[in-house]
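> Questions regarding the structure given below will be posed in turn.
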Amino acid sequence: MKLVHVILLLLCFYSSVCKFTSTSDTPQEDLLDRKCLTEKYTHLSCNKVFCQPWQKCVDRTCTCKLPYQCPKNGTTVCSTNGKSYPTYCQQKSFECLRPQAKFLNNGTCTAEGQFSVSLKYGKTDSEGIVEVKLVDQDKKVFICKNTWSMTQANVACLDLGFQQGALDTEGSFLTSEDITTNDTECLNVHCRGLETSLAECTFTKAMTNGYQELASVVCYTQNADSPTNGLFQCVNGKYIPEKRACNGINDCGDQSDELCCKGCQGESFLCKSGVCIPQQYKCNGEVDCITKDDEIGCEAAGHLRTQAIAFVPQEKMEILTADMDAERKRIKSFLPKLSCGVKDNTHVRRKRVVGGKSAHLKEFPWQIAIKDDDKITCGGIYIGGCWILTAAHCVRVSKIHRYQIWIALLNWFKPNSELKIQSVNRIIIHENYSGTTYQNDIALIEVKKRPNQRECVLPHSIPACVPWSPYLFQPGDTCIVSGWGREKDNEKVYSLKWGEVKLIGNCSKFYGKRYYEKEMQCAGTKDGSIDACKGDSGGPLVCTDVNNVTYVWGIVSWGENCGKPEFPGVYTRVATYFDWISNHVGRSLISQYNV
Ligand code: 4AZ
């Protein structure tokens with residue numbers, strides 16, 4: 001063997017160089033997160049994507065809103081059931097409940113209004129050249145090939161009753177040369193991908209002179225190719241070539257090929273949540289990633305805002321149908337927004353747990369202290385209304401009368417004037433909390449309303465947001481732990497301290513079977529210099545997103561000693577308990593999106 005081969009082989013062992021030299025490894029193998037795929041995420045999984053404005057997120061699934069839950073603003077639309085609805089959201093919510101009644105056109109219904117899609121020149125009913133009849137036109141027209149892709153093909157097949165969408169965007173049918181020149185006038189169509197009818201997409205007339213190729217489609221049928229190697233199985237049962245997964249294009253039709261990605265190929269952008277979105281959604285003025293990273297750094301680096309580039313009326317285009325995607329965006333802006341996780345004063349100096357720094361007033365407006373008799377025993381996190389989140393091991397229902405909730409406290413040796421004290425109305429401990437394994441170490445405290453209060457709000461406090469998805473933050477992200485807990489040497493602490501820690505993945509390597517991945521989250525620093533300790537329990541581990549919104553990602557729970565790098569702090573993974581929390585405090589109090 002030549003020396004160069006030996007070097008290459010060695011490099012192969014120690015680095016990723018072999019990826020470029022090996023041919024057996026498909027790149028898709030590296031792009032897909034196999035563990036995530038077992039969760040069977042689709043466009044309806046609100047752990048991964050935002051729901052449509054006519055849907056709400058219930059038990060991690062986008063479900064239909066009732067029409068009255070839609071915003072009132074909007075324009076009238078007509079449905080295929082012949083009824084007009086005051087808004088697009090109402091029509092879609094109605095359709096969501098009764099899928100036969102689809103979108104027909106923007107505006108009120110007319111007697112003769114009809115839309116149809118048909119396939120021509122195919123050998124079977126499931127394939128052919130695509131022909132449409134628009135609501136206000138009498139003639140059928142073909143669709144041009146140049147803007148036709150899997151996105152529109154899936155919608156067309158769905159419209160034709162093929163539940164799994166399209167198999168391919170072309171087939172060998174009569175070519176446009178076989179069709180008389182008169183028929184070759186064609187329309188461009190643009191869809192977002194989750195429309196249920198082609199009528200919902202935007203049609204434009206291509207003002208081109210001369211010859212245009214026509215769009216065709218092969219819809220997916222049960223007897224389509226039987227699975228072989230190199231195919232990806234969508235959650236809806238359809239098989240697509242694996243090389244089309246993680247490319248930003250919703251080939252599956254249910255988006256399942258884009259939701260478990262470690263990287264993206266082609267013209268697409270990887271959200272921190274592991275979702276590939278089309279590159280043109282980056283910096284388009286609408287948040288597409290649940291982690292919001294698609295709308296970051298848009299002013300800088302020459303990122304032009306590419307709003308709906310495909311069908312912005314251009315000089316050469318004549319729009320034939322309304323832009324319902326723009327209407328969807330507009331409806332989104334009318335949805336109620338929950339206020340949490342944003343400090344009213346962001347310029348405060350954030351300086352001083354084991355190795356922490358002292359906090360200043362307003363820096364941790366969600367932090368509360370639990371006083372049991374004469375001692376501060378635990379921390380807690382304000383999440384809105386009357387509700388405080390803490391660790392189950394911090395409280396006992398039988399001791400409810402002994403607890404006091406100390407609000408806006410900094411130093412309990414020298415209490416500040418803002419300090420307010422409230423008593424406890426109710427304690428809810430997770431029904432599966434185990435005092436031996438510390439599984440489900442989470443509890444809710446409801447504070448008593450003051451007699452003169454109409455609504456429950458805690459003075460000087462701002463709620464931290466409750467994370468609704470386990471994908472909002474990842475190992476390696478920097479978060480902040482705070483509390484009145486002990487120092488490393490067991491020294492007592494009087495003032496609220498905080499410190500930065502990183503989220504740690506694969507924590508079983510430190511704790512073995514004592515660590516439960518879904519329910520717990522480790523965090524710490526390389527040298528162990530910052531850590532939670534005795535007395536910090538029940539308090540917050542907060543993480544802040546790209547828009548400066550703060551979430552309670554963890555509750556201080558346990559750990560072997562304090563400040564030891566080989567034993568990071570273990571926190572209750574709050575995102576896992578979103579449904580549990582919302583079932584107790586009410587969905588509207590903590591549901592930031594998809595309400
Ligand atoms: C405790 O005893 C405790 N280093 C809390 C957190 C940690 C250790 C102990 C993590 O409340």
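> I'd like the full set of residues that are within 25 Å of SER591 (Cβ to Cβ), part of a loop (DSSP other than H, G, I, E, B) and of a type in the set (D, E, K, R), limited to the range 57-92.
ASP59, ARG60, LYS65, LYS72, listed by residue number.
> Let me ask you something else. Mind listing just one residue for me: the one in the range 228-251 that is touching a helix residue (DSSP H, G or I) at 6+ places or on another chain (Cβ under 8 Å) and not charged (D, E, K, R) and, of those, surrounded by the most Cβ atoms within 10 Å (Cβ to Cβ)?
CYS246
> Also, quick follow-up: Any residue at all in the range 506-525 that is within 15 Å of the ligand (Cβ to nearest atom), at pLDDT 95 or above and open to solvent by 70 Å² or more (accessible area, probe 1.4 Å)? Before you say what the answer is, go through the steps one by one.
First, pick out the residues of the range 506-525 that are within 15 Å of the ligand (Cβ to nearest atom): 507, 510-511, 514-515, 520-525.
This time we only want the ones that are at pLDDT 95 or above, so: 507, 510-511, 514-515, 520-525.
Among the residues that remain, those that are also open to solvent by 70 Å² or more (accessible area, probe 1.4 Å) are: 514.
Yes, the range 506-525 contains a residue that is within 15 Å of the ligand (Cβ to nearest atom), at pLDDT 95 or above and open to solvent by 70 Å² or more (accessible area, probe 1.4 Å).
> Which one of PRO463, PRO475, PRO467 is crowded, with 21+ Cβ neighbours inside 10 Å and closer than 24 Å to GLN439 by Cβ?
Details: PRO463 fails: closer than 24 Å to GLN439 by Cβ; PRO475 fails: crowded, with 21+ Cβ neighbours inside 10 Å.
Being crowded, with 21+ Cβ neighbours inside 10 Å and closer than 24 Å to GLN439 by Cβ holds for just one of PRO463, PRO475, PRO467, which is PRO467.
> Can you tell me which residue among CYS394, CYS386, CYS378 is at negative phi, within 16 Å of the ligand (Cβ to nearest atom) and in contact with a helix residue (DSSP H, G or I) (Cβ under 9 Å, 6 or more places away or on another chain)? Full working, then the answer.
Working: CYS394 fails: in contact with a helix residue (DSSP H, G or I) (Cβ under 9 Å, 6 or more places away or on another chain); CYS386 fails: within 16 Å of the ligand (Cβ to nearest atom).
The conditions single out CYS378.
> I'd like to verify a number: residues in the range 236-266 that are charged (D, E, K, R), in a loop (DSSP other than H, G, I, E, B) and out of contact with any His (no Cβ under 7 Å at 6 or more places or on another chain), how many? Step through it out loud before you land on a result.
In the first step, residues of the range 236-266 are kept if they are charged (D, E, K, R); the result is 238, 242-244, 251, 254, 257-258, 262.
Filter again for in a loop (DSSP other than H, G, I, E, B), leaving 238, 251, 254, 257-258, 262.
When the remaining residues are screened for being out of contact with any His (no Cβ under 7 Å at 6 or more places or on another chain), the result is 238, 251, 257-258, 262.
Total satisfying the criteria: 5.
> Among the residues of the range 526-538, write down those that are more than 7 Å from the ligand (Cβ to nearest atom) and of a type outside the set (Gly, Ala, Ser).
Of everything in the range 526-538, those that are more than 7 Å from the ligand (Cβ to nearest atom) and of a type outside the set (Gly, Ala, Ser) turn out to be LYS526, ASP527, ILE530.
> Of the conditions (1) in a loop (DSSP other than H, G, I, E, B); (2) surrounded by 20 or more Cβ atoms within 10 Å (Cβ to Cβ); (3) among the hydrophobic types (A, V, I, L, M, F, W, C), VAL189 clears all except one; give me its number.
Of the numbered conditions (1) in a loop (DSSP other than H, G, I, E, B); (2) surrounded by 20 or more Cβ atoms within 10 Å (Cβ to Cβ); (3) among the hydrophobic types (A, V, I, L, M, F, W, C), the odd one out for VAL189 is (1).
> Inside the range 99-126, can you point out the residues that are part of a strand (DSSP E or B), open to solvent by 20 Å² or more (accessible area, probe 1.4 Å) and under 15 Å from LEU158 (Cβ atoms)?
Matches in the range 99-126: SER116, VAL117, SER118, LEU119.
> Given (1) of a type outside the set (A, V, I, L, M); (2) at pLDDT below 95; (3) surrounded by 13 or more Cβ atoms within 10 Å (Cβ to Cβ); (4) not in a helix (DSSP H, G or I), where does GLU299 come up short, assuming only one miss?
For GLU299, the failing item is (3).
> Additional query: Among the residues of the range 556-570, is any touching a Pro at 6+ places or on another chain (Cβ under 8 Å) and outside any loop (DSSP other than H, G, I, E, B)? Steps first, please.
Step one: list which residues in the range 556-570 are touching a Pro at 6+ places or on another chain (Cβ under 8 Å), which gives 556, 559.
The next check asks that each one be outside any loop (DSSP other than H, G, I, E, B); those that pass are 556.
Yes, because at least one residue in the range 556-570 is touching a Pro at 6+ places or on another chain (Cβ under 8 Å) and outside any loop (DSSP other than H, G, I, E, B).
> Here are VAL424, VAL481: which of them is β-branched (Val, Ile, Thr), in a strand (DSSP E or B) and in contact with a helix residue (DSSP H, G or I) (Cβ under 8 Å, 6 or more places away or on another chain)? Step through it out loud before you land on a result.
On the way: VAL481 fails: in contact with a helix residue (DSSP H, G or I) (Cβ under 8 Å, 6 or more places away or on another chain).
Answer to the check: VAL424.
> I'd like to verify a number: residues in the range 327-355 that are at pLDDT 85 or above and open to solvent by less than 50 Å² (accessible area, probe 1.4 Å), how many?
Result for the range 327-355: 9.
> Next question, about the same structure. Restricting to the range 36-80, what's the tally of residues that are in contact with a strand residue (DSSP E or B) (Cβ under 9 Å, 6 or more places away or on another chain), within 21 Å of ARG98 (Cβ to Cβ), open to solvent by 50 Å² or more (accessible area, probe 1.4 Å) and not hydroxyl-bearing (Ser, Thr, Tyr)?
Looking only at that region, the number is 3.
> Just give me the residues in the range 356-373 being under 20 Å from LYS448 (Cα atoms) and surrounded by fewer than 24 Cβ atoms within 10 Å (Cβ to Cβ), in sequence order.
Step one: filter the range 356-373 for residues under 20 Å from LYS448 (Cα atoms), giving 365-373.
Correct list: PRO365, LYS371, ASP372, ASP373.
> I would also like to ask the following. I'm told TRP553 meets every condition in (1) within 16 Å of the ligand (Cβ to nearest atom); (2) among the aromatic types (Phe, Trp, Tyr); (3) in a helix (DSSP H, G or I) except one. Can you identify the failing condition by its number?
It is condition (3) that TRP553 fails.
> Could you identify the single residue in LEU541, LEU503 that is closer than 20 Å to VAL354 by Cα, within 12 Å of the ligand (Cβ to nearest atom) and in a strand (DSSP E or B)? I'd like the intermediate steps shown before the answer.
Numbers: LEU503 fails: within 12 Å of the ligand (Cβ to nearest atom).
Testing whether each residue is closer than 20 Å to VAL354 by Cα, within 12 Å of the ligand (Cβ to nearest atom) and in a strand (DSSP E or B) leaves just LEU541.
> Those residues that are at pLDDT 90 or above and closer than 23 Å to PRO241 by Cα, I need them from the range 131-155; list them, please.
LYS145, TRP148, SER149, MET150, THR151, GLN152, ALA153, ASN154, VAL155
> Looking only at the range 125-157, count how many residues are among the β-branched types (Val, Ile, Thr), more than 27 Å from LYS83 (Cα to Cα) and in contact with a Ser or Thr (Cβ under 8 Å, 6 or more places away or on another chain). Full working, then the answer.
First pass over the range 125-157, keeping only residues among the β-branched types (Val, Ile, Thr): 129-130, 132, 135, 141, 143, 147, 151, 155.
The next check asks that each one be more than 27 Å from LYS83 (Cα to Cα); those that pass are 129-130, 143, 147, 151.
Next, from what is left, pick out any that are in contact with a Ser or Thr (Cβ under 8 Å, 6 or more places away or on another chain): 129-130.
Here the count works out to 2.
> Being β-branched (Val, Ile, Thr), at pLDDT below 95 and over 34 Å from the mean Cα position of the chain (by Cα): is that true of VAL493 here? Reasoning before the result, please.
Details: β-branched (Val, Ile, Thr): yes; at pLDDT below 95: yes; over 34 Å from the mean Cα position of the chain (by Cα): yes.
The answer is yes for VAL493.
One line per residue, one yes/no per condition, for (1) surrounded by fewer than 21 Cβ atoms within 10 Å (Cβ to Cβ); (2) more than 11 Å from ILE445 (Cα to Cα); (3) of a type outside the set (Phe, Trp, Tyr):
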position: ILE381; (1), (2), (3): no, no, yes
position: GLY384; (1), (2), (3): no, yes, yes
position: ILE388; (1), (2), (3): no, no, yes
position: VAL397; (1), (2), (3): yes, no, yes
position: ILE405; (1), (2), (3): no, no, yes
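The values are calculated or read from the model by the stated rules, or taken from the named source; none is laboratory data. Everything numeric here is computed off the predicted structure, so don't read it as measured data. Neighbour counts are summed over all protein chains in view; Cβ atoms, including those assigned to glycine, are modelled from backbone coordinates with ideal geometry. Only protein heavy atoms, including side chains, enter the accessible area calculation; ligands, DNA and RNA are left aside. Shrake-Rupley method; radii C 1.70, N 1.55, O 1.52, S 1.80 Å.
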